[in-house]
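A.B. asks: Here it is: the structure, laid out below.
The values are calculated or read from the model by the stated rules, or taken from the named source; none is laboratory data. All values derive from a computational prediction rather than experimental measurement. All Cβ positions, glycine included, derive from the backbone under ideal geometry; neighbour counts span all protein chains shown. Quick note on the areas: whole protein, heavy atoms, side chains included, nothing else; ligands and nucleic acids left out. Shrake-Rupley method; radii C 1.70, N 1.55, O 1.52, S 1.80 Å.
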Amino acid sequence: MSDHEYTPKSKFGKWFNDRLPLLTLANHLTDYPTPKNLNYWWTFGGILTFCLITQIVTGLVLAMHYIAHADMAFDSVEHIMRDVNYGWLIRYIHANGASMFFLAVYIHIFRSLFYGSYKAPREIIWIIGIIIYLLMMAAAFLGYVLPWGQMSFWGATVITNLFSAIPLVGEGIVTWLWGGYSVDNPTLTRFFTLHYLIPFLILGLVVLHIWALHVPGNNNPVGIDIKKPSKDTVPFHPYIVIKDGFALLMFMIVFAFFVFYTPNILGHADNYIEANPLVTPAHIVPEWYLLPFYAILRSVPDKLLGVVAMLSAILILAALPWLDTSKIRSAVFRPLYRQFYWILVADVLILGYVGAMPAEGLYLLVARVATAYYFLHFLVILPVLGWKEKTLPIPLSITEPILGGSPNLATAKNKESLNK
Amino acid sequence: MSEKKTNRRDFLFTATYAVGAVGVGATIWPMIDQMNPDASVKALASTEVDVSAVNPGKTITVLWRGKPVFIRRRTQDEIAEARSVKLEDLKHPEKDEDRAVNPEWLVMLGVCTHLGCVPLDQKGEYNGWFCPCHGSHYDISGRIRKGPAPTNMEIPKYEFVNANTIKIG
């Protein structure tokens, strides 16, 4: 990984490093050559690491006070909110932390889409990222069930029932998931166990994600391969550490705003009513970060096909490196892709909006059009664009445009700044 | 490959893999099966309900196996309406006579067959039930008429113990 051999200065360091090369790893991480043109969209990897650690630490603390039992879970959450010292703070950080985690991960994913970070040789990084994203959705769903409010209960009922769409074995799988004939205490205890497990799986995958990243190195806004180390790179420490740190501070301001000023705005009031298996809330909606996929599920009038469409919408992302046939990574040099990129962003936002609305009338029509466009983007537009698009000339190095580069690039850079 | 003779070692490999696979399977199965409904859950399999206080045109909801069961005492108009529907108009064709053996009493699982929400009584375009989650409409026999649900609401096993008592399960 590192291009040069590292020898610790101290005698003890050398002795230790010969037996466990931790210092070599630390040296690799500090010296790691990073493209010098990374912009603030590249700071979300660090922010996401912060989010994961925040969720694990606050989650551990909550687990010390929470009771995973259908008769006691709801009261134990209220006990955390009212009686436990700073319990309200820790729970609000954990609950809003989930939303902040997804906010950051969506920016991170759309960064990759804009700058083509998923393309060769970074396919494995991308696929590991998609697996992490799937696990995040699983953890968020399982965690939302634990307070055992009305939305917890009915969210769990609706999502586990998705499996009943599988022909023949579906009903058996649902009963197996529940451990009974409906969502009940056995369901709650196993959901708690799995909710506790998944963050550590994510942590392991994050290590692989970063390891895979450090083999080819970071992509960059120009999207070209660079020599490492060279005039085009800076060492990770202190340059990127400071930049990531500043971005993290800005992010924490937003985080703190939600925690301290509107801690419940991203949740649902119905979840402060204890679970009741006889009454379904009038309007069941998942958390905001799952709404686009929920809209896709509801836009298909057939049960099995709706579930298939929703799962495909996520899994299609894993095939993205092969669906996008263009050799040019960065959208800065792809004038047509850049427009389709922003249409996709709008499309996903529209899906999110109609996902929160009742599935009827105009909303349903809009959801169907937006669902069709979502798949059209990945299955038709991206492959065709790779063949048809006239791309702009790309520079040979990051330094070239700064040291009197070509006029084409100047235009491109201008467009890039306009897009941000 | 065809001229290569099977020798003792090939046999031993195959036998080892086969025994190993059985062993792994036998070890994994208890880990999977422990998640299925346990004996205490299965023990709560039947419920008896007193329906003497239910007037025509009213529905009561009782809990059976953790799920709501609708018991509706239907009016003569509702029975006539349910029995007049043509089978070819139904997404999941079932005669009302088969769903409500005693036409006055409709006993069914109050669980939408789409994704398991509890439909609302006397709502929807077919004068029966309406599921608020994803918009499935059921008629007065609990049959799916419009929306994403694939089948009619399920009729559980039940019997009249006497004129006023229904045993579900």
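A.B. asks: From the phi of every residue in the stretch B:93-101, what ³J(HN,Hα) in whole Hz does the Karplus formula 6.51 cos²θ - 1.76 cosθ + 1.60 yield, where θ is phi - 60° and glycine or proline is x?
C.D. replies: x, 9, 6, 4, 4, 7, 7, 10, 4
A.B. asks: Nearest 10 degrees, 0 to 90: what angle lies between the long axis of helix B:8-33 and the longest principal axis of chain B (Cα atoms)?
C.D. replies: The helix B:8-33 is inclined about 30 degrees to chain B.
A.B. asks: In the protein assembly as shown, if the dipole is taken from +1 on Lys/Arg beta carbons and -1 on Asp/Glu beta carbons about the Cα centre, which of A:73, A:8, A:296 is farthest to the positive end?
C.D. replies: Checked the options; the winner is A:8.
A.B. asks: Treating only the Cβ atoms of Lys and Arg (+1) and Asp and Glu (-1) as charged, compute the dipole magnitude of the stretch A:28-284 about its Cα centre; round to the nearest 20 debye.
C.D. replies: Using only the charged Cβ atoms, the result is roughly 1060 debye.
A.B. asks: Under DSSP H, which helices of chain A have Cα atoms covering 27 Å or more of the helix axis and a Kyte-Doolittle average no less than -1.0?
C.D. replies: Length and hydropathy pass: A:44-63, A:87-115, A:123-145, A:185-214, A:241-261, A:335-355.
A.B. asks: Provide a whole-number value for the mean count of partner chain Cβ atoms within 10 Å of the Cβ atoms in peptide B:106-119.
C.D. replies: Counting other chains' Cβ atoms within 10 Å and averaging over B:106-119 gives 5.
A.B. asks: Still on this structure: Could you list the GluC sites (Glu not before Pro) in the stretch A:256-363 that lie in coil according to DSSP, counting only those with at most 14 other Cβ atoms within 10 Å of their Cβ?
C.D. replies: When the GluC sites (Glu not before Pro) of the stretch A:256-363 are filtered for loop state and at most 14 Cβ neighbours within 10 Å, A:360 remain.
A.B. asks: Let me ask you something else. Could you please state, rounded to a whole Å, how far the C-alpha centre of the stretch A:122-144 is from the C-alpha centre of the stretch A:259-278?
C.D. replies: The distance from the Cα centre of the stretch A:122-144 to that of the stretch A:259-278 comes to 25 Å.
A.B. asks: Could you tell me which trypsin sites (Lys or Arg not before Pro) in the stretch A:309-356 are loop residues by DSSP with no more than 15 other beta carbons within 10 angstrom of their beta carbon?
C.D. replies: Filter output for the stretch A:309-356: A:327.
A.B. asks: Just grab the label-to-label distance for residue A:264 and residue A:400, each label 7 Å out from Cα along the Cβ direction, in nm (one decimal).
C.D. replies: Those two pseudo-labels are separated by 5.8 nm.
A.B. asks: At a Förster radius of 51 Å, what calculated FRET efficiency corresponds to the Cβ-Cβ distance of residue A:7 and residue A:250, to the nearest 0.05?
C.D. replies: Efficiency for this residue pair is about 0.85.
A.B. asks: List nothing, just return the count: lysine pairs in the stretch A:28-284, 8 or more apart or interchain, with Cα separation under 15 Å.
C.D. replies: 4
A.B. asks: In whole angstrom, how far apart do the alpha carbon centroids of the stretch B:10-86 and the stretch A:342-384 sit?
C.D. replies: Cα centres, the stretch B:10-86 to the stretch A:342-384: 37 Å.
A.B. asks: For chain B, what % of the accessible area comes from carbon and sulfur atoms, probe 1.4 Å?
C.D. replies: 56 percent
A.B. asks: Please average, across the residues of B:62-68, the number of beta carbons from any other chain that are within 10 Å of each residue's own beta carbon, and give a whole number.
C.D. replies: Mean shielding count: 5.
A.B. asks: So which trypsin sites (Lys or Arg not before Pro) in the stretch A:12-55 end up in coil per DSSP with only 15 or fewer other C-beta atoms within 10 Å?
C.D. replies: none
A.B. asks: 5 Å is the cut-off here: which amide hydrogens, built 1.01 Å from N in the peptide plane, fall below it relative to residue B:64, excluding neighbours closer than 5 in sequence?
C.D. replies: B:69
A.B. asks: Quick one: ranking A:53, A:109, A:210 by accessible area, 1.4 Å probe, largest first, what do you get?
C.D. replies: A:53, A:210, A:109
A.B. asks: Round to a whole angstrom and tell me the spacing of the C-alpha centers of the stretch A:280-300 and the stretch A:30-97.
C.D. replies: 24 Å
A.B. asks: Now a separate question. Using a Förster distance of 51 Å, how high is the FRET efficiency between residue A:57 and residue B:10, based on the Cβ-Cβ distance and rounded to 0.05?
C.D. replies: The value I calculate is 0.40.
A.B. asks: Which is the longest stretch in chain B that no exposed loop site breaks, taking sites as trypsin sites (Lys or Arg not before Pro) with a DSSP loop state and at most 15 other Cβ atoms within 10 Å?
C.D. replies: It works out to B:6-85.
A.B. asks: What spacing in nm lies between the two simple spin-label points modelled at residue B:73 and residue A:20, each 7 Å away from Cα in the Cβ direction?
C.D. replies: A separation of 7.6 nm, rounded to one decimal place.
A.B. asks: For a Förster distance of 22 Å, can you work out the FRET efficiency between the beta-carbons of residue A:75 and residue A:283, rounded to the nearest 0.05?
C.D. replies: FRET efficiency, residue A:75 to residue A:283: 0.30.
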